[in-house]
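Written out below as structure tokens is the structure these notes cover.
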Amino acid sequence: MTVFDSRILDLRVKDHRQIFVCGESGLIASSHNGGLKWRRLKTGISVAVNFIALGSDQTLVAGGDFGSL
């Protein structure tokens, strides 16, 4: 089981395998096996990432505190 050191604020499910989460301290993570294993993405920010949205292709848009995108 994966444990994140930051509180999760949003979650998006693309299909039965691809899941994305975001949260405090710049957290964005993805799973490509239905949540069995997670990979934390490098965001370069330390503020909260409040939402994520999935585009029709391979685009992921995230918005955080203080106008960070």
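Of note:
- Accessible-area composition of the chain, carbon plus sulfur, in percent [1.4 Å probe]: 54
- Accessible surface, per residue, of the chain when the full set of protein chains is kept, probe 1.4 Å, Å²: 68
- Relative contact order of the chain, taken over Cα pairs closer than 8 Å and 6 or more residues apart, is 25 percent.
The values are calculated or read from the model by the stated rules, or taken from the named source; none is laboratory data. Bear in mind that the values here come from a model prediction, so they are computed numbers and not experimental data. Surface accessibility is based on the protein's heavy atoms, side chains included, excluding ligands, DNA and RNA. Shrake-Rupley method; radii C 1.70, N 1.55, O 1.52, S 1.80 Å.
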